[in-house]
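Down below is the structure, laid out as structure tokens.
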Amino acid sequence: MSAAAGHGASGFGARLRAATARWGPLCVGIDPHPALLAGAGLGVDSAGLAAFTDRCVKAFSGRVAVVKPQVSLFEAFGSDGFAVLEDAVARLRDAGTLVVLDAKRGDIGSSNDGYARAWFGQGAPLRCDAVTLSPYLGEGSLTGIAEAARDDGAGVFVLCRTSNPEAGALQTAVRADGVSVAAGIARWAEGFDGDVGLVVGVTVSDALASLPLARGSAPLLAPGFGAQGGGADDLARVFGPEAPRVLASVSRDILRHGGSVDALRAATASWQGSLAGTLGRPAPRG
């Protein structure tokens, strides 16, 4: 399925469910850290970035449900980095692979309008299937971006209960209406019928107890698998009955095999098999 065919055919939530039903819940990051470039035998320069990203695109295209490039690590290479990112996003989506840009943007008014024009709609230079957003100017400030995404058959993932320890005090703080900051974000997201998801770290052991997730519509993007300590078994252990709507995000534990396309594919298949086993499903087959 090409990107053109996928867009507009249905909303992001429906397309995400179809992709994970086919390929399982693995979301593979493309995080071109300098150490990973060097470990793959490449220079820490724009040529090395392009070669590393090309290996990733070839390894993941049409083989996983979701790929999540880390925008900042491309941005670090300036205009060359953005050119590599634009090419990677287009190639992945042409192969029918959903792309979530890990940008963590969040602003108000015309600034958000500019972000939306970069990501969504015909001719957008980084047209993607979803982006990550920060809601700490108030979740309502993101409504315009969320609606622009939905108009393009895309979605957003909003930071909610993240795995970094310093986030806990802010995200669990109780608002004037008696709910926590994170719970308020979750309630807002649930109003978009699956097109707005939540970022909830697998290492946040009390996340389910503290969030109003009973409706079950918002997909959950869960970082923390692999190098950050989360294992495949944690998908079911941490998320319990909500596990079927979780995207398990793995980056460095797969990307450390970036010396070749075949090695990246093998590492990806290993994670897919482990996650499928946790959910009691057969491993996806390419």
Å² per residue, accessible surface of region 12-278 at 1.4 Å: 38
Top of F77, F157, F12 by mean-square fluctuation, Gaussian network on the chain, Cα under 10 Å: F77
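Could you work out [θ]222 nm for the chain from helices alone, using -39500 (n - 2.57) per DSSP H run of at least four and dividing by all its residues? Round to the nearest 500 deg cm²/dmol. Write down the numbers at each step before the final one.
Details: 14 runs with 126 residues, N = 286.
Helices in the chain give a 222 nm mean residue ellipticity of -12500 deg cm²/dmol.
Scan the chain and hand back the longest stretch that contains none of the trypsin sites (Lys or Arg not before Pro) lying in DSSP loops with at most 15 other Cβ atoms within 10 Å. Write down the numbers at each step before the final one.
On the way: sites that count: R175, R215, R285.
That would be 1-174.
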Using a Förster distance of 25 Å, the FRET efficiency for S46-A283 (Cβ separation, nearest 0.05): 0.10
Extension gain from D113 to A227, taking 0.36 nm per residue of separation minus the Cα-Cα distance: 37.5 nm
Most fluctuating residue given options G229, G96, G184, as computed from a GNM of the chain linking Cα atoms under 10 Å: G229
Which of F82, V67, G43, positive extreme of dipole for region 35-97 (C-beta unit charges): V67
Label-point separation, A14 to A263 (7 Å along Cα→Cβ), nm: 4.2
Within the chain, percent of DSSP bridges classed antiparallel, to nearest 5: 5
Correct choice for log10 I(q)/I(0) by the Debye sum over Cα atoms at q = 0.10, 0.13 Å⁻¹ that was computed from the model, options [x] -0.61, -0.95; [y] -0.55, -0.96; [z] -0.48, -0.84: [z]
Cα→Cβ-extended label distance, 7 Å offset, between A21 and V179, nm: 2.9
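The values are calculated or read from the model by the stated rules, or taken from the named source; none is laboratory data. Not measured: the values here are computed from a predicted model. For neighbour counting, all protein chains shown are included, and Cβ atoms are generated from backbone atoms with ideal geometry for every residue, glycine included. The accessibility values were calculated without ligands, DNA or RNA, using every heavy atom of the protein model including side chains. Shrake-Rupley method; radii C 1.70, N 1.55, O 1.52, S 1.80 Å.
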